[in-house]
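Working notes, beginning with the structure itself.
The values are calculated or read from the model by the stated rules, or taken from the named source; none is laboratory data. Keep in mind it's a predicted model, so treat the numbers as computed, not measured. Quick reminder, even Gly has a Cβ in these numbers, built from the backbone with ideal geometry, and neighbours come from all protein chains shown. To get the accessible areas, we keep the full protein, side chains included, count just its heavy atoms, and leave off ligands, DNA and RNA. Shrake-Rupley method; radii C 1.70, N 1.55, O 1.52, S 1.80 Å.
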Amino acid sequence: MPTSIVGVHGIAQQQFGPNQLKGQWIPALRDGLEFAHRSEVDEPPLGIAFYADLFLRGTSGESTTKGAADGVAGLLSEIEDDELADLTAAVTEVASDEELAAAEREAKAAKGLFDGIPRALLPVMRVMDRRFGASAGVLYLGELRQVRRYLRDAALKEKADAKVREKIAPECQVLIGHSLGSVVAFEYVRQNPGHQLAMLLTLGSPLALRMVRSQMPDSDYGAADGLPANVAAWTNIRDQRDPVACAGDLKPWWSGVTDQYVDNENKAHHVARYLSKQDTGAAVLAALPGLVPQ
């Protein structure tokens, strides 16, 4: 069966490979399809557009790109001043002055926490943890850091876009982007106006953040018409407690987007929880009704 569905993964996948990710994505999406169809379905024809190896550490032990190391300190280490300013500004989009002031007081009193992370980021992390739960700050800032690097490092972006373009064949009708992958998927749509998609499906997307949009080559692509001309439908699904998608709906930016909400419980940003939802399956089936017996 042709690969009519392609998934574009999110951050921190550099220690995996496309076959491992397919092992996670395919059964989860199959569940979503079955919940939507209310009966068993065949394994969906899904491929993975993999680019995370570009964020791997070099063989010398130095990171080939900053933020490539594993763990908390790895996601938020080696931060330069302009990067720190952007990450801090991104939190002010979603946090009040009162929240930031309270977090600043707590951070000053903290001792020996998060070694290796710039102290200026501690209040930011505390704000996100308080609002979205433990480790939300690391996830949010780590996400934005890799998004920012993808958008600002021209050589890295060119290589990532080429890897994605190579994987997406003409028969692809549904493009699914999770997390950073939603930004990469949007860039594929923008760069390939001749490829008509039945559905762009974004999960846990940071595309509503001003910090992300300000770094994009053309964040208004398709906005004037409600959707990019080469996208028949765009569904954006988010858990409202997902820190990566905390800037809100995409409809204010692209009026043709259908925003939907799910509850992923204690793993609000987890891709398998997004894929296995009935709403996700229904969006895919709306674009590809032939996936199931009629």
Quiz item: Does region 54-74 contain any residue that is surrounded by fewer than 19 Cβ atoms within 10 Å (Cβ to Cβ) and modelled with pLDDT of 85 or more?
Solution: no
Quiz item: In region 3-57, how many residues are outside any strand (DSSP E or B), touching a His at 6+ places or on another chain (Cβ under 9 Å) and closer than 17 Å to Ser276 by Cα?
Solution: 4
Quiz item: Do we have Ser219 as touching a residue at least 24 places away in the same chain (Cβ under 8 Å), touching a Gly at 6+ places or on another chain (Cβ under 9 Å) and part of a loop (DSSP other than H, G, I, E, B) here?
Solution: no
Quiz item: Restricting attention to region 232-246, does a residue exist that is among the charged types (D, E, K, R) and either assigned to a helix (DSSP H, G or I) or surrounded by fewer than 16 Cβ atoms within 10 Å (Cβ to Cβ) (or both)?
Solution: no
Quiz prompt | Residue list for region 261-284, restricted to those being closer than 24 Å to Val91 by Cα, touching a residue at least 12 places away in the same chain (Cβ under 8 Å) and open to solvent by 60 Å² or more (accessible area, probe 1.4 Å) | solution = Tyr261, Asp263, Asn266
Quiz item: Can we say Val212 is under 18 Å from Ile11 (Cα atoms), assigned to a helix (DSSP H, G or I) and of a type in the set (A, V, I, L, M, F, W, C)?
Solution: yes
Quiz item: So which helices (runs of 4 or more DSSP H) are wholly in region 122-208 and hold at least 2 residues that are in contact (Cβ under 8 Å) with a residue 24 or more places away in the chain, under 21 Å from Lys22 (Cβ atoms) and open to solvent by 20 Å² or more (accessible area, probe 1.4 Å)?
Solution: 154-167
Exercise. Keeping to region 94-112, report how many residues are farther than 23 Å from Val244 by Cβ, in a loop (DSSP other than H, G, I, E, B) and either open to solvent by 40 Å² or more (accessible area, probe 1.4 Å) or modelled with pLDDT of 70 or more (or both).
Key: 2
